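Let me begin by presenting the structure, written as structure tokens, before commenting on it.
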Amino acid sequence: MSGPSNGRPTKTRPLTAVLGLAVVFSSAVLATLFLSPVAEPMRGSDDSRRADIRTYVIGYLLALMLTGAAFAIVYWPTLASATTLAVVLGLALVQMAVHFRFFLHISLGKSSREDLQLILFSALIVILMVSGTLVVLLNLRARMM
Amino acid sequence: MSANEMKHPGLNPVGVDERTREQAGGAVFGFWVFLMSDAVLFALLFATYGVMLPATVGGPTLASVYKILPVFLETLILLSSSFTFGMASVALRHSAPRAQLLGWMGVTLALGLAFLGMELHDFATMFGNGAYPTRSGYLSSFFALVPLHGLHVFFGCIWIVVMMVQLLTFGPDARVKINILRLGLFWHFLDVVWIAIFSVVYLQGLIR
């Protein structure tokens with residue numbers, strides 16, 4: 001979110017490229033995750049219980065892998081710091097999507113209520129407010145320096 | 001039937017009558033409104049943190065007072081607690097024996113308390129190294145953001161205890177089920193906020 005704001009002059013061109021790549025990659029993953037149908041077999045049966053448990057296990061494993069990847073890339077630095085940051089933020093976005101999909105059971109397909117619109121609208125508000133704050137205040141800081 | 005089963009985001013209870021299902025829908029929607037307002041609150045604290053990043057006034061930064069291992073362990077603990085609460089939700093949804101439900105909730109509670117203990121220990125270490133909230137704008141924003149999440153986890157732990165007592169007193173009736181459903185959403189939501197915290201605050205601060 002606060003990408004190149006660490007005060008040190010980073011090469012912005014590669015950073016934007018990596019950020020762009022991260023965004024494209026995460027949106028692809030998000031699209032696949034959310035458009036795939038939620039497993040909802042016959043109610044009450046043993047199959048349905050196993051399917052529910054499987055959902056949580058898959059979510060847990062995915063979350064563990066994403067967390068491990070994010071920490072590993074910081075613990076064993078292989079990339080430039082700006083690139084590392086972009087990768088970490090991209091992994092965080094994907095992991096949030098995993099949590100929403102597998103733990104909070106949100107998918108774009110089946111929710112018929114207003115809840116999904118509420119969540120999407122809140123996400124819009126959050127993006128606008130956070131990016132607006134960062135742009136305005138970091139710009140102000142740059143001008144004051 | 002199965003196409004209309006998913007009435008609201010969250011793990012819907014099965015085998016309940018239509019009226020309870022409708023009530024659950026409304027109750028859960030209201031709780032989502034609260035969660036999203038909480039998300040906006042956290043988002044603005046993140047924005048403040050981002051703006052305050054350079055405002056260290058020569059004081060300690062995260063890299064100088066912090067190691068990566070504790071935050072990794074805290075992340076694993078919180079992640080596992082999300083999973084164990086998921087198991088509790090599955091037990092509730094499929095009317096498993098009460099002991100099983102209480103067991104999973106107990107494990108979740110223990111993990112939540114372990115997380116809180118580690119976090120408090122971290123803060124104590126930071127204070128000991130001269131990183132306290134009034135030292136710099138950066139540390140003020142840090143201590144506005146991260147302990148607020150800890151406070152949420154603390155209240156989540158209290159809520160788990162309350163729900164375990166309600167389960168023992170009333171049994172899994174419709175009201176208790178809805179409340180545990182909301183508690184689950186709250187707990188998983190806290191984990192999502194933690195993802196943002198460990199990525200934006202800790203990992204960004206520790207990148208060399």
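The values are calculated or read from the model by the stated rules, or taken from the named source; none is laboratory data. These numbers were taken from a predicted model, which means no experiment stands behind them. Backbone-built Cβ (ideal geometry, glycine too); neighbour counts: all protein chains shown.
Here are some conditions: (1) modelled with pLDDT under 90; (2) at the interface with chain B (Cβ under 9 Å from one of its Cβ atoms); (3) not in a loop (DSSP other than H, G, I, E, B). Residue A:95 meets all but one. Which one does it not meet?
Evaluating residue A:95 over (1) modelled with pLDDT under 90; (2) at the interface with chain B (Cβ under 9 Å from one of its Cβ atoms); (3) not in a loop (DSSP other than H, G, I, E, B) leaves (1) as the failure.
Which of the following residues is within 14 Å of chain A (Cβ to nearest Cβ) and not hydroxyl-bearing (Ser, Thr, Tyr): B:176, B:90?
Working: B:176 fails: within 14 Å of chain A (Cβ to nearest Cβ).
The unique qualifying residue is B:90.
Assigned to a loop (DSSP other than H, G, I, E, B), more than 7 Å from every other protein chain (Cβ to nearest Cβ) and not basic (Lys, Arg) - does that describe any residue in the stretch A:118-140?
Just the residues of the stretch A:118-140 that are assigned to a loop (DSSP other than H, G, I, E, B), to begin with: none.
There is no residue in the stretch A:118-140 that is assigned to a loop (DSSP other than H, G, I, E, B), more than 7 Å from every other protein chain (Cβ to nearest Cβ) and not basic (Lys, Arg).
Go through the stretch B:1-119 and tell me which helices (runs of 4 or more DSSP H), entirely inside it, have 2 or more residues that are modelled with pLDDT under 85. Spell out the reasoning first.
Details: elements: B:18-52, B:62-65, B:68-93.
So the answer is B:18-52, B:62-65.
Consider only pairs whose beta carbons are under 6 Å apart and that are at least six residues apart or on different chains; among these, list those whose first residue lies in the stretch B:184-200 and is at the interface with chain A (Cβ under 7 Å from one of its Cβ atoms) and whose second residue is of a type in the set (Ser, Thr, Tyr) and assigned to a helix (DSSP H, G or I).
Pairs that qualify, where the first residue is at the interface with chain A (Cβ under 7 Å from one of its Cβ atoms) and the partner is of a type in the set (Ser, Thr, Tyr) and assigned to a helix (DSSP H, G or I), are B:188/B:82; B:191/B:82.
Any residue at all in the stretch A:70-86 that is in a helix (DSSP H, G or I), at pLDDT 90 or above and surrounded by fewer than 19 Cβ atoms within 10 Å (Cβ to Cβ)?
Among the residues of the stretch A:70-86, at least one is in a helix (DSSP H, G or I), at pLDDT 90 or above and surrounded by fewer than 19 Cβ atoms within 10 Å (Cβ to Cβ), which makes the answer yes.
From the list B:134, B:108, which residue is polar (S, T, N, Q) and in contact with a Phe, Trp or Tyr (Cβ under 8 Å, 6 or more places away or on another chain)?
Numbers: B:134 fails: in contact with a Phe, Trp or Tyr (Cβ under 8 Å, 6 or more places away or on another chain).
Testing whether each residue is polar (S, T, N, Q) and in contact with a Phe, Trp or Tyr (Cβ under 8 Å, 6 or more places away or on another chain) leaves just B:108.
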